[in-house]
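The values are calculated or read from the model by the stated rules, or taken from the named source; none is laboratory data. All of these numbers come straight from a predicted model, not from anything done at the bench. We place every Cβ from the backbone using ideal geometry, glycine too, and count neighbours over all the protein chains shown. Surface areas here come from the heavy atoms of the whole protein model, side chains and all, with no ligands, DNA or RNA. Shrake-Rupley method; radii C 1.70, N 1.55, O 1.52, S 1.80 Å.
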Amino acid sequence: MRLFDGGRAPNPRRTRIFLAEKQVEIALVPVDMARLEHRSDEIASRNPFKRLPVLELDDGTVITESIAICRYVEALHPEPPLFGTTPIEIAMIEMWNRRLELGLYASVAAAFRHIHPAMAEWEVPQVPAWGEANRDKAAEFLHLFDGHLAANRFAAGDGFSVADITGLVAVDFMKPAKIAMPEGLSNVARWYDEVSARPSAGA
């Protein structure tokens, strides 16, 4: 099994953090996205969307999309459970992972892709107005998330989960997207300090 990895890009990093939490080691194949190696025939033959990460199994089966890869790993290595175990845990983690993906992660990514000059050749056409709108959307979501965290240690309750990984990666990606953390979000700050201090955050 080998994982075609895109370095500090958000989706590859999300997968690596998940693997680190599981203490699962998979051989990494580095792909230099800055040099557009993710558009090479080697990647395109495995993923026609030319995106990373890409997990190739020993039998040649290919799994793409970071959360799909994480679910596969969870099925193989259920401990510690990062997608929940009880019906309510599974539902709450799925709900908050989805909320964080759509409300924060996607908004930060859209801001970066549509505003950052380095993305002009990647995001065609760039629509700066859409990027600016998503900066506002990210800030709006963070205010809602702060309220939620007032009564919850982690994104989906008392236990660390894949939803926290999604949130952590999204918040860290705000810096290259040039999105400032809104002031006064003490609960988000407390949560971020805790999740970013986990050893897996450096994966």
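In table form, for the structure just shown:
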item	result
Residues of type lysines that LYS22 reaches as a straight line, Cα spacing below 28 Å, ignoring anything fewer than 8 places off in the same chain	LYS50, LYS175
Heavy-atom accessible area per residue - the range 57-203, 1.4 Å, Å²	51
Extension gain from ARG98 to ARG8, taking 0.36 nm per residue of separation minus the Cα-Cα distance	30.2 nm
GNM result for the chain, Cα springs below 10 Å: residue of ALA118, ALA177, ALA139 fluctuating most strongly	ALA118
Residues whose placed amide H lies under 5 Å from that of VAL29, excluding near-sequence neighbours	LEU3, PHE4, ASP5
The range 48-58 - phi-based ³J(HN,Hα) in whole Hz, Karplus 6.51/-1.76/1.60, Gly and Pro as x	x, 7, 6, 10, 10, x, 10, 9, 10, 7, 4
Calculated FRET value between ASP136 and THR61, using beta carbons and R₀ = 41 Å, to 0.05	0.50
Extended-chain gain in nm, criterion 0.36 nm per residue less alpha-carbon gap, THR86 and ASN187	33.7 nm
Kirkwood Rh in Å, taken over all unlike Cα pairs in the range 151-203	11.7
Local electrostatic count at LYS22 - Lys and Arg +1, Asp and Glu -1, tallied over other residues with Cβ under 9 Å	-3
In the range 66-104, the GluC sites (Glu not before Pro) that fall in loop regions by DSSP, at most 11 other Cβ within 10 Å	none
Exposure of SER107 as accessible area (Å², to 10), given a probe of 1.4 Å and all protein chains	10
Extended-chain gain in nm, criterion 0.36 nm per residue less alpha-carbon gap, GLU194 and TYR72	41.3 nm
In Å², nearest 10: area of TRP122 left accessible to a 1.4 Å probe	70
The range 49-170, relative contact order [Cα under 8 Å, separation at least 6], %	25
Vicinal HN-Hα couplings computed from phi for the range 115-121 (Karplus, 6.51 cos²θ - 1.76 cosθ + 1.60; Hz; Gly/Pro x)	10, 5, x, 5, 9, 4, 7
Overall dimensions of the range 24-118 by Cα: Rg and Dmax, Å	16.0, 45
Whole-Hz couplings from phi, Karplus 6.51/-1.76/1.60, listed for the range 129-146; x for Gly and Pro	4, 5, x, 5, 4, 6, 4, 5, 4, 4, 5, 4, 5, 4, 5, 5, 5, 4
